[in-house]
Each structure stands twice: as C-alpha cells, then as structure tokens.
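Report on one structure; see the data block that follows.
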Amino acid sequence: MRIAIASDHAAIEMKAALREWLIEEGHEVADLGPDSHDSVDYPDFGYKLAAVVAEGTAERGIALCGSGIGISIAANRNPGARCALVSEPLSAGLAREHNDANMIALGARLIGIEQAKACVSAFIGTDFGGGRHQRRVDKLSNPSC
C-alpha cells in the first residue's frame, strides 16, 4: 500500500518509527516532513498530507502532532480528506469500516509507539464496509445527498 505520513515537530520520533515499521511491513511510504525538531506549523503539514491523499498519490495518510487534534482539523479542510483522530485500534478500524477514512491522526504526546502501530495496523488492515455506510459517507462530501 502507498502510505503518506507527515507530522509536526512534536511527533518527529513517532513519524520516524512508524515510517521504518511500515517499510519493514512492505509498504511504500512517502515522508512529507518535517525532518528536524525545529518548530513548524502543523496546518502546513496537514494540508500537504491531505492533498497527497485526496489526489490519490497515496492510498492512506497518517497525520501526527502532539495531540493529533490540530493536524486532523487541518487535514479535514480538504474536501477529499476524511481524517479520523484515533487513540486505539477499535476506533481506527471503525473509521475505515464505517466512515471510509483515508487518513488517521495520532497524538504523539498521548499514545506510545506500540499503540500507534496497533492503530495504524487496524486502519490499513480494514476495508470500507460500504452498504448502508456509503450513503452516509456520500453526505460528508455532499450534504444534499
């Protein structure tokens, strides 16, 4: 799977660990930055990640910041992004199955790397359920449906 990942400065270590783990698992990973601990603005990286996922260059996106909140808000400004903030695997799987999320956000200051891996694994390993969920997902992009 082609996966894009981006963070702010607070999540550099988690981003690096997830990137390496995903590559070991056989995925193609695009690291959209940043590359240092220098302070950056999470919206810049949320926007960049959402654009790559919405245009289809990556099939899934992983957004990271200190809490996961800010970068998920930024990512969801793109109408082609459905970014779910998750902190445990059940929510990550349901975000895919029920909401066809194409991105997840994680808070590096709130969960550890093993929990983050479990969330990512559930997210990329779950298919969209379709059916009754499809009309609801359609309304996310077009409220008049």
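The values are calculated or read from the model by the stated rules, or taken from the named source; none is laboratory data. If you're wondering where the values come from, they're calculated on a predicted model, not measured in any experiment. Positions of Cβ are backbone-derived with ideal geometry, glycine not excepted, and every protein chain shown enters the neighbour counts.
Quick look at the values:
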{"read-out": "Filter pass, C119 being at pLDDT below 95 and either part of a loop (DSSP other than H, G, I, E, B) or in contact with a strand residue (DSSP E or B) (Cβ under 9 Å, 6 or more places away or on another chain) (or both)", "value": "no"}
{"read-out": "Residue selected from region 1-53 under the condition among the charged types (D, E, K, R) and assigned to a loop (DSSP other than H, G, I, E, B), by the criterion surrounded by the fewest Cβ atoms within 10 Å (Cβ to Cβ)", "value": "D38"}
{"read-out": "Pairs where the first residue, in region 80-95, is over 20 Å from F45 (Cβ atoms) and the second is surrounded by fewer than 20 Cβ atoms within 10 Å (Cβ to Cβ) and polar (S, T, N, Q), C-beta under 6 Å, 6+ apart", "value": "G93/T126"}
{"read-out": "Test: residue in region 93-107 that is part of a loop (DSSP other than H, G, I, E, B), in contact with a Cys (Cβ under 9 Å, 6 or more places away or on another chain) and surrounded by 23 or more Cβ atoms within 10 Å (Cβ to Cβ)", "value": "yes"}
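Conditions (1) in contact with a Lys or Arg (Cβ under 9 Å, 6 or more places away or on another chain); (2) of a type in the set (S, T, N, Q); (3) over 15 Å from A6 (Cα atoms), marked per residue:
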{"residue": "A50", "(1), (2), (3)": "yes, no, no"}
{"residue": "E55", "(1), (2), (3)": "no, no, yes"}
{"residue": "L64", "(1), (2), (3)": "yes, no, no"}
{"residue": "I73", "(1), (2), (3)": "no, no, no"}
{"residue": "R82", "(1), (2), (3)": "no, no, yes"}
{"residue": "S87", "(1), (2), (3)": "no, yes, yes"}
{"residue": "G93", "(1), (2), (3)": "no, no, yes"}
{"residue": "M103", "(1), (2), (3)": "yes, no, no"}
